[in-house]
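The values are calculated or read from the model by the stated rules, or taken from the named source; none is laboratory data. For clarity, every value in this text was computed on a predicted model and none was experimentally measured. We place every Cβ from the backbone using ideal geometry, glycine too, and count neighbours over all the protein chains shown.
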Amino acid sequence: MAAPTPVSALVHSSTLVTAGIFILYRFNKIITASKTIQLTIILTSISTILIAALVAIYEHDIKKIIALSTLRQLGLIAMPTAFNMPILTFFHISIHAIFKALLFITRGTIIAQNNHNQDLRLYGLFHTLAPINSTAILISSIALMGVPFLTGYYSKHIIIT
């Protein structure tokens with residue numbers, strides 16, 4: 001989906017992700033009652049994580065990379081639902097929404113500073129031009145990566161282990 005950066009921030013941080021996961025969240029009892037459905041969700045989640053990560057490696061558009069990161073997170077967020085951990089699903093989706101919105105908004109300002117160019121190959125030295133934005137991007141990125149003792153670590157560690 002191509003949209004202006006504020007719209008992308010809204011769609012990828014909350015609306016798109018929350019709608020799909022909310023359905024899984026609401027049908028948690030039905031999902032956990034069937035081992036086939038649980039296995040299907042787990043396999044779909046793992047394949048979503050792997051494919052989105054592989055496609056993001058070869059992408060050059062910064063907004064598409066962030067969108068693929070959202071898709072990868074979507075796979076990760078669906079897993080606790082299959083393992084009957086709906087509170088963890090809600091916790092991780094809340095963390096994801098906050099930090100992904102911050103990532104999109106800060107990237108939007110950098111895109112605007114770069115004459116609306118989204119090609120990552122043409123970026124350079126933005127940490128000197130926009131140190132506050134660069135710091136916000138760094139904080140949101142490492143929080144979403146699951147660096148120990150930041151918010152993403154606590155939810156991802158439980159999901160993976």
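Within the group Ile98, Ile111, which residue is more than 19 Å from the chain's Cα centre (by Cα), touching a residue at least 60 places away in the same chain (Cβ under 8 Å) and part of a helix (DSSP H, G or I)?
Within the list Ile98, Ile111, the selection yields Ile111.
Considering Ala101, Ala143, Ala97, Ala136, the condition of being surrounded by 15 or more Cβ atoms within 10 Å (Cβ to Cβ) and modelled with pLDDT of 85 or more is satisfied by Ala136 alone. Ala52 meets all of the listed conditions (1) in contact with a Ser or Thr (Cβ under 7 Å, 6 or more places away or on another chain); (2) without any contact (Cβ under 8 Å) to a residue 24 or more places away in the chain but one, namely (1). For region 65-76, the criterion of a residue being more than 28 Å from Phe27 (Cβ to Cβ) and either touching a helix residue (DSSP H, G or I) at 6+ places or on another chain (Cβ under 9 Å) or surrounded by fewer than 16 Cβ atoms within 10 Å (Cβ to Cβ) (or both) is satisfied by at least one position.
Selection of helices (runs of 4 or more DSSP H) fully inside region 1-61 by the criterion of at least 1 residues being touching a helix residue (DSSP H, G or I) at 6+ places or on another chain (Cβ under 9 Å) and modelled with pLDDT of 70 or more returns 16-26, 28-33, 35-57.
For region 122-161, residues that are touching a helix residue (DSSP H, G or I) at 6+ places or on another chain (Cβ under 9 Å), closer than 20 Å to Thr109 by Cα and not in a helix (DSSP H, G or I) total 2.
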